[in-house]
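Undergrad: Just passing along the structure, written as structure tokens.
Computed from the coordinates by the stated procedures, all read-outs in this text should not be read as laboratory data. Computed from a prediction, not measured in an experiment: that's the story for all the values here. Here the Cβ positions follow ideal geometry from the backbone for every residue, glycine too, while neighbour counts run over all protein chains shown.
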Amino acid sequence: MLTRKNKLFFLKLLSLFSVVRGYNILIIVLAQYLTSIFILAPNIQLKQVLFDPNLFVIVLASAGVIAAGYIINSFYDKEKDLINRPQKTMLDRLVSQQTKLTGYFILNFLSVVLASYVSFRAVLFFSVYIFAIWFYSHKLKKYPISGNMVASILSITPFFVVFIYYKNFDEVIFVHATFLFLMLMIREMIKDLGNLKGDLVQNYKTIAVVYGELASKRIITGLIIIACIPIYLLLTKYEIGFMYLYFYVCLVLLTLLLVGLWGSKGKLHYVWLHNILKLIIVSGTFSIILIDVNMILDRILW
């Protein structure tokens, strides 16, 4: 039987995991490795990629900075989240603000120290990344358009650092990145629609607050249409193996998203739409292996 003290300890661990969005970080780590194996370094032996100490340090440092970013974001959004997500916020509050801020500084410090193992440029990169996340959380996220764009850019930055590490400048990588960026932009804007009540109370000047829900829906519709361009290019111009199945499914899901968007009238509807975007993004991570299924066996045998 768990004692009251042990139960509280496990609840605090769960609270900390919730604050740093541990599930998101695990997906990002997996995505960084899969992207490295199948897109950025397809000609390097699988064992060399998996056991590359520099890549491991880059991924670990990225995870630390992202976790710290979620902490500082939670710190600045505590009042807004209490309105928009009261149950999650109450769980998150089991860990004190002082503990969260201590964790924020420790995670960032350790990430920079880890980056020094790779190079001084890696230290500069992660230092700028840390500052950019703080500046976004403190200032930029309260403004329309720029807040959404910066949030999306910060979300793809962990992939950018791996891209720089392997120095792979193939055109197809930019097309993949463009599609991911658009999905993240759409997700951020749908999230703003769902958080409209809290944003209004806390004076966050999102697109939905400043220009209204109708304007937000029109912009999201435009982004969905634009997202069809990289999908078309990936299906017709580039060799993506069985990953074409993923993009056909994406077209179906984006169509459903578009129909649902214009029929949405409340927070619950926007939560469903947000979940569709999460499904597209997360399933995209796992579908990377479909680019070359035979590559898995071949590279294991090398």
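Undergrad: Going 7 Å from the Cα of Asn43 along its beta-carbon direction, which residues of segment 156-173 have the amide nitrogen within less than 16 Å of the resulting point?
TA: 166-173
Undergrad: Continuing with the same structure: Of all the Cα-Cα pairs you can form in the chain, what percent are over 30 Å apart?
TA: Taking all Cα-Cα pairs of the chain, the fraction more than 30 Å apart is 37 percent.
Undergrad: Would you tally the net charge around Asp170, using a Cβ to Cβ cut-off of less than 13 Å, leaving Asp170 out, and scoring K and R as +1, D and E as -1?
TA: Charge balance near Asp170 sits at 0.
Undergrad: Separate question: Working out 0.36 nm times the residue gap between Ser146 and Phe131, then minus their Cα-Cα distance, what length gain in nm do you get to one decimal?
TA: Between Ser146 and Phe131, full extension yields an extra 3.8 nm.
Undergrad: Another one. Run the numbers for Tyr232 and Ile289: contour at 0.36 nm per residue of separation, minus the present Cα-Cα distance, in nm.
TA: The span from Tyr232 to Ile289 would gain 18.5 nm if fully extended.
Undergrad: Can you list the lysines whose alpha carbon sits under 25 Å from that of Lys197, skipping same-chain ones fewer than 8 residues off?
TA: Lys78, Lys80, Lys88, Lys139, Lys141, Lys142, Lys205, Lys217, Lys265, Lys267, Lys278
Undergrad: What distance in nm separates the simple spin-label points at Phe242 and Asn6, each placed 7 Å from Cα in the Cβ direction?
TA: 4.4 nm
Undergrad: Separate question: Given R₀ = 35 Å, FRET efficiency for Leu268-Phe169 by Cβ-Cβ distance, to 0.05? If you can, show how the numbers build up before the last one.
TA: On the way: r = 44 Å, r/R0 = 1.25.
After rounding to 0.05, the efficiency reads 0.20.
Undergrad: Taking each full run of DSSP H in the chain as one helix, which ones are at least 20 Å long along their axis (Cα atoms) and have mean Kyte-Doolittle hydropathy of at least 0.0? Can you show the working numbers first?
TA: Working: long enough: 4-19 (22 Å, 0.64); 53-76 (35 Å, 1.56); 97-118 (32 Å, 0.88); 120-138 (27 Å, 1.37); 146-166 (29 Å, 1.47); 171-194 (35 Å, 1.24); 213-236 (35 Å, 1.63); 244-263 (29 Å, 2.10); 267-287 (29 Å, 0.82).
Span-like helices here: 4-19, 53-76, 97-118, 120-138, 146-166, 171-194, 213-236, 244-263, 267-287.
Undergrad: Give the average over all directions of the projected area of the C-alpha convex hull of segment 25-135, one decimal, in nm².
TA: Over all viewing directions, segment 25-135 projects a mean Cα-hull area of 8.0 nm².
Undergrad: Oh, and also: Rounded to the nearest 0.05, what FRET efficiency do Thr221 and Phe120 give with R0 = 45 Å and r taken as the Cβ-Cβ distance? Could you check?
TA: According to the calculation, E is roughly 0.50.
Undergrad: Calculate the spin-label point distance for Leu214 paired with Leu110, positioning each point 7 Å from the Cα along the beta-carbon direction, and give it in nanometres.
TA: With each label placed 7 Å out from Cα toward Cβ, I get 5.1 nm.
Undergrad: Now for a separate question. Could you let me know the centre-to-centre spacing of segment 133-184 and segment 64-88, using Cα atoms, in angstrom?
TA: Their Cα centres are 20 Å away from one another.
Undergrad: I want to verify the translational diffusion coefficient of segment 170-302 in µm²/s; compute it with Stokes-Einstein, Rh as the Kirkwood radius over Cα pairs, at 37 °C and 0.692 mPa s.
TA: The estimated diffusion coefficient comes to 204 µm²/s.
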